[in-house]
Amino acid sequence: MSISDITVGFVGLGHMGGPMAANLAKAGYVVQGFDLAPAALEQATQDGITVVGSAAATAVDADVVITMLPSGRHVLDLYDGGLLAAARPGTLFVDCSTIDVADARAAHERLEQAGHRGIDAPVSGGVMGASAGTLAFMVGGADEDFEAAHPLLDVMGRKVVHCGGPGVGQAAKICNNMILGVSMIAISEAFVLGEKLGLSNQALFDVASNASGQCWALTTNCPVPGPVPGSPANNDYQPGFAAALMDKDLGLAANALRDNGVDAEIGLRAAELYRRFHETGHGGEDFSAIINDIRHRSNGENQ
């Protein structure tokens, strides 16, 4: 079967899902998509995606159905609301949303009960990665379902890792983003401390990026302007990866930490800090902008 013989239903054509679906259409897949936002549907049409009238309509003739939605409740409501019933028996469902592990496992159970198969495949890489087709996919599900989805994931991403059974892709995602959130807070605190001690941002970057402090949050998403020209700090902290999304992901991590009895003081504290940053009006900024919150609070100011 050639690519042009495979029909992909795609629900959720926003900042992430839209470019992902566009890359599939560009590669030759027949993509029929749906989103609640008219602007997303207009862009999808320009990108070669066939827009249909409902989420369920994307699944009627589809071989694979991909979802990219805000939360686990959205995924489960969509599954229960007619998406699974509209699909042919044995349809492969690929959920790329970042959701709670328990919700991901519940979604797998619903798929099995409805006679379908599926994987959870959350992504890392942000809007830039979605547009460039360089996302990283963390996949949970059966071996055969992972292999069936692999060709499509390869179109949308550069790295595809089968992490284990149902829900384990989501586990990998929240663990990874907990590392990222904690790292960004630590780096931001170090830069603010360096400023207090008379150390230039460039000098600290030159040392840390070539020493034991080296990490992605520093060398790619550096939270101060200057050292990394492509970082959001050089573009007034336009995301990138929005602080609201980091708040969401760390909230999922915090739930999992508590549910599984993990004594993770730093992870839980990072979740609290990003929740506060989001709730004080900074959710639309890049998550690296938390350095400004740390700097202001260090100077006795409230943002």
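Determine, yes or no, whether G194 is in contact with a His (Cβ under 9 Å, 6 or more places away or on another chain) and buried (at least 16 other Cβ atoms within 10 Å of the Cβ).
On the way: in contact with a His (Cβ under 9 Å, 6 or more places away or on another chain): no; buried (at least 16 other Cβ atoms within 10 Å of the Cβ): yes.
Spelling it out, it is not the case that G194 is in contact with a His (Cβ under 9 Å, 6 or more places away or on another chain) and buried (at least 16 other Cβ atoms within 10 Å of the Cβ).
Quick one: is A57 surrounded by fewer than 21 Cβ atoms within 10 Å (Cβ to Cβ) and touching a residue at least 24 places away in the same chain (Cβ under 8 Å)?
Against the criterion (surrounded by fewer than 21 Cβ atoms within 10 Å (Cβ to Cβ) and touching a residue at least 24 places away in the same chain (Cβ under 8 Å)), A57 qualifies.
Could you list, in sequence order, all residues of the range 126-149 that are assigned to a helix (DSSP H, G or I), of a type outside the set (V, I, T) and within 20 Å of S71 (Cβ to Cβ)? So that I can check it myself, show each step before the final result.
Restricting attention to the range 126-149, the residues satisfying the condition of being assigned to a helix (DSSP H, G or I) are 126-132, 143-149.
Keeping just the survivors that are of a type outside the set (V, I, T) gives 126, 128-132, 143-149.
The answer is G126, A130.
Tell me whether the range 31-51 contains one or more residues that are open to solvent by less than 50 Å² (accessible area, probe 1.4 Å), charged (D, E, K, R), over 16 Å from V64 (Cα atoms) and at pLDDT 95 or above.
At the first step, the residues of the range 31-51 found to be open to solvent by less than 50 Å² (accessible area, probe 1.4 Å) are 31-35, 37, 40-41, 44, 49.
Now narrow it down to the ones that are charged (D, E, K, R): 35.
Remaining after also requiring over 16 Å from V64 (Cα atoms): 35.
Pick out the ones that are also at pLDDT 95 or above and you get 35.
Yes: the range 31-51 contains one or more residues that are open to solvent by less than 50 Å² (accessible area, probe 1.4 Å), charged (D, E, K, R), over 16 Å from V64 (Cα atoms) and at pLDDT 95 or above.
For the range 93-125, give me each residue that is part of a helix (DSSP H, G or I) and surrounded by fewer than 22 Cβ atoms within 10 Å (Cβ to Cβ). Steps first, answer last, please.
Restricting attention to the range 93-125, the residues satisfying the condition of being part of a helix (DSSP H, G or I) are 101-113.
Within the range 93-125, A102, D103, R105, A106, E109, R110, E112, Q113 meet the criteria.
What number of residues in the range 198-245 are surrounded by fewer than 14 Cβ atoms within 10 Å (Cβ to Cβ) and either in contact (Cβ under 8 Å) with a residue 24 or more places away in the chain or touching a Cys at 6+ places or on another chain (Cβ under 9 Å) (or both)?
Count: 4.
So which residues in the range 225-253 are among the hydroxyl-bearing types (S, T, Y) and more than 28 Å from D100 (Cα to Cα), if there are any at all? Walk me through it before giving the result.
Keep residues of the range 225-253 that are among the hydroxyl-bearing types (S, T, Y), which gives 231, 237.
Of everything in the range 225-253, just one residue is among the hydroxyl-bearing types (S, T, Y) and more than 28 Å from D100 (Cα to Cα), namely S231.
Which of the residues that make up the range 256-303 are modelled with pLDDT under 95 and touching an Asp or Glu at 6+ places or on another chain (Cβ under 7 Å)?
Of everything in the range 256-303, just one residue is modelled with pLDDT under 95 and touching an Asp or Glu at 6+ places or on another chain (Cβ under 7 Å), namely Q303.
Does the range 2-21 contain at least one residue that is open to solvent by less than 60 Å² (accessible area, probe 1.4 Å) and more than 22 Å from I119 (Cβ to Cβ)? First the steps, then the outcome.
If we filter the range 2-21 for residues that are open to solvent by less than 60 Å² (accessible area, probe 1.4 Å), which is where we start, we get 2, 6-14, 16-21.
Going one step further and asking which of them are more than 22 Å from I119 (Cβ to Cβ), we end up with 2.
Checked the range 2-21: at least one residue is open to solvent by less than 60 Å² (accessible area, probe 1.4 Å) and more than 22 Å from I119 (Cβ to Cβ).
Does L69 count as touching a residue at least 12 places away in the same chain (Cβ under 8 Å) and open to solvent by less than 20 Å² (accessible area, probe 1.4 Å)?
On the way: touching a residue at least 12 places away in the same chain (Cβ under 8 Å): yes; open to solvent by less than 20 Å² (accessible area, probe 1.4 Å): no.
No: the conditions fail for L69.
Any chance the range 168-189 includes a residue that's farther than 29 Å from I99 by Cβ, in contact with a helix residue (DSSP H, G or I) (Cβ under 8 Å, 6 or more places away or on another chain) and modelled with pLDDT of 95 or more? Before you say what the answer is, go through the steps one by one.
To start, the set of residues in the range 168-189 that are farther than 29 Å from I99 by Cβ comprises 189.
Filter once more, keeping what is in contact with a helix residue (DSSP H, G or I) (Cβ under 8 Å, 6 or more places away or on another chain): 189.
Next cut, modelled with pLDDT of 95 or more only: 189.
Within the range 168-189 (the criterion being farther than 29 Å from I99 by Cβ, in contact with a helix residue (DSSP H, G or I) (Cβ under 8 Å, 6 or more places away or on another chain) and modelled with pLDDT of 95 or more), the answer is yes, since at least one residue qualifies.
Can you run down the residue pairs with Cβ atoms below 7 Å, 6 or more apart or on separate chains, where the first is in the range 26-45 and free of Cβ contacts under 8 Å to residues at least 12 places away in the same chain and the partner is open to solvent by 40 Å² or more (accessible area, probe 1.4 Å) and β-branched (V, I, T)?
So the pair list comes out as T45/V51.
Do any residues in the range 102-116 that are among the charged types (D, E, K, R) have Cβ atoms under 8 Å from those of residues that are part of a helix (DSSP H, G or I) and loosely packed, with under 15 Cβ neighbours inside 10 Å, where the two are at least six apart or on different chains, and which pairs are they?
D103/R73; R110/D80
Every residue in the range 170-209 that is in contact with a Ser or Thr (Cβ under 9 Å, 6 or more places away or on another chain), under 17 Å from H296 (Cα atoms) and of a type in the set (A, V, I, L, M, F, W, C), please.
Within the range 170-209, M184, I187, V192, L193 qualify.
Quick one: how many residues across the range 260-279 are open to solvent by 60 Å² or more (accessible area, probe 1.4 Å) and over 10 Å from M246 (Cβ atoms)?
So the first thing to find is which residues in the range 260-279 are open to solvent by 60 Å² or more (accessible area, probe 1.4 Å), and the list is 260-263, 265-266, 269, 272, 275-276, 278-279.
If we keep only those that are over 10 Å from M246 (Cβ atoms) as well, we get 260-263, 265-266, 269, 272, 276, 279.
Of the residues in the range 260-279, 10 are open to solvent by 60 Å² or more (accessible area, probe 1.4 Å) and over 10 Å from M246 (Cβ atoms).
Go through the range 154-191 and count every residue that is more than 28 Å from A254 (Cα to Cα) and open to solvent by less than 60 Å² (accessible area, probe 1.4 Å). Full working, then the answer.
As a first pass, look at the range 154-191 and keep what is more than 28 Å from A254 (Cα to Cα): 154-156, 158.
Going one step further and asking which of them are open to solvent by less than 60 Å² (accessible area, probe 1.4 Å), we end up with 155-156.
Residues meeting the conditions: 2.
The values are calculated or read from the model by the stated rules, or taken from the named source; none is laboratory data. Everything numeric in this text was worked out from a predicted model, so none of it was measured. Cβ sites come from the backbone with ideal geometry, for glycine too, and all protein chains shown count toward neighbours. The accessibility values were calculated without ligands, DNA or RNA, using every heavy atom of the protein model including side chains. Shrake-Rupley method; radii C 1.70, N 1.55, O 1.52, S 1.80 Å.
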